[in-house]
Each structure stands twice: as structure tokens, then as C-alpha cells.
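Take a look at the structure set out below.
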Amino acid sequence: MAGLRVVKSRDEFEGEIFESLSIIQGSDLPPHAASAERVEIGKSRTRIDGVQRVTGRATYTQDVTLPGMLHARVLRSPYPRARVRAIDTKKAEALPGVRGVLHRFNAPKAAFRGEETIFRDEVRFIGDEVAAVAADDAEIARIAAYGSGGTAHVGALFRGTPPGGANHVASGQARRGRRSRHSRIRDRGARRQ
């Protein structure tokens with residue numbers, strides 16, 4: 001095709017240089033005359049939304065409410081490492097206003113965090129995502145995910161895995177009043193001297 005060119009560009013962003021190829025159609029802009037006044041370069045510009053931001057009147061995405069909009073609440077793991085064996089959503093789905101519950105057993109495959117699924121079969125830290133509830137309002141979503149009055153509506157069954165991190169081991173030993181293996185070795189070495 002006439003007028004198409006491949007242009008290679010090098011861009012710097014946060015100290016890293018990225019190279020890219022682009023297909024351009026059309027002709028170049030005429031060069032800027034050296035004696036011409038520069039209208040934009042080197043001059044400060046006031047931000048259009050600057051006053052609204054600093055006074056707290058700016059509207060952000062979280063502030064927007066649209067008709068028919070659903071609210072989501074994510075159920076998070078209380079364990080630092082465990083396998084998710086089963087999830088019971090019957091109570092949550094029976095609540096009026098709950099539109100759906102998504103978890104590892106019914107979630108479609110979607111690339112997320114470099115993996116093929118949104119919810120893992122094994123939680124890796126306290127606060128890792130286990131399930132998500134979509135409801136008509138935020139309070140119904142919270143109640144469906146976490147329950148009210150001490151009764152959970154989304155039940156997740158976890159099976160613990162062997163401790164993978166030092167924090168998990170240390171907290172278990174501290175509760176039982178046992179010393180760590182490293183402190184015993186350190187004490188034994190001090191006695192030999």
C-alpha cells in the first residue's frame with residue numbers, strides 16, 4: 001500500500017528503554033522553524049481538574065454509581081497457606097439481591113497474575129482471594145461473603161499444607177513455648193566455648 005511506513009521508536013519509561021515498531025500511514029509533519037515561537041514547550045499549564053482534586057470535589061471511578069450496577073465483595077483466606085477443597089455457596093446464593101458467586105470450581109479460565117485462573121486451588125498468603133460475590137448493593141455483597149451475626153454465607157473448606165514460611169513455623173512454636181532449632185544450635189555452640 002502506498003504511503004505506509006514502518007517506524008522504529010525507542011522510549012524511556014522509569015529508567016528502562018523499550019523499542020517498538022509501528023506502521024504509519026501518511027506523511028511527516030513539516031519541520032518546526034528554528035526562529036518560530038514555541039507555544040507549548042517550556043511553559044507551565046494548569047491542570048483542568050487541579051482545583052477539584054485538591055478541594056476533594058473530583059469525581060473518581062469509585063464515586064460513580066450507575067443504574068443496574070452490581071457490587072462485588074471478595075472472600076479472602078484466613079490462612080497463610082492451605083488448599084481450597086470445597087466451597088459451599090448455597091446460603092449466599094439464596095439471599096435476595098445476590099446475583100452470583102464466583103470461585104475456583106466455577107470460574108472461567110482467564111489469564112490473571114500470570115496464571116490461567118482467577119482463583120487458585122491453593123491460597124498462598126492471608127488475604128488471598130477465595131471467592132467473589134456479586135450483589136445488587138454493597139451491604140448485601142458483604143453479608144453474602146462474610147455473613148452476619150457470626151454465620152458465614154459462603155463456606156470454604158481448607159486443608160492445611162505443611163508450613164512453607166518461617167513466619168508460620170515461628171508463630172506455632174511461640175504459642176507452644178518451644179524454641180526454634182536455630183536457637184538450640186546457637187546455645188549448644190555457646191556452651192562449647
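Read the figures in this text as sums done on the coordinates, not as results from a lab. In this text, all values refer to a predicted model and were calculated from it rather than measured experimentally. Positions of Cβ are generated from backbone atoms using ideal geometry, with glycine treated the same way; all protein chains shown enter the neighbour counts.
Of Tyr60, Tyr146, Tyr79, the sequence from fewest to most neighbouring Cβ atoms within 10 angstrom is Tyr60, Tyr146, Tyr79.
Say R0 is 30 Å: what FRET efficiency, to the nearest 0.05, do Phe125 and Asp88 get from their beta-carbon distance? Here the calculated transfer efficiency is 0.85.
In plain terms, the bigger the Kirkwood radius, the slower the diffusion; for segment 23-164, with that radius from Cα pairs, at 4 °C and 1.567 mPa s, Stokes-Einstein puts D at 66 µm²/s.
Taking a straight line from the alpha carbon of Lys90, these lysines sit under 28 Å away, with near neighbours fewer than eight places off in the same chain left out: Lys109. Fewest neighbouring Cβ atoms within 10 Å first, the residues Val6, Val133, Val74 line up as Val6, Val74, Val133.
Using every pair of distinct Cα positions in segment 89-160, the Kirkwood expression returns a hydrodynamic radius of 13.0 angstrom.
If R0 is 45 Å, what FRET efficiency do you get for Ala107 and Ile41 from their C-beta distance, rounded to 0.05? It comes to 0.35.
Of Thr89, Thr61, Thr117, the sequence from fewest to most neighbouring Cβ atoms within 10 angstrom is Thr61, Thr117, Thr89. Please report the spacing between the Cα centers of segment 115-160 and segment 8-70 in Å, no decimals. Cα centres, segment 115-160 to segment 8-70: 39 Å. Between Tyr146 and Ile48, the contour length at 0.36 nm per residue exceeds the Cα-Cα span by 31.2 nm.
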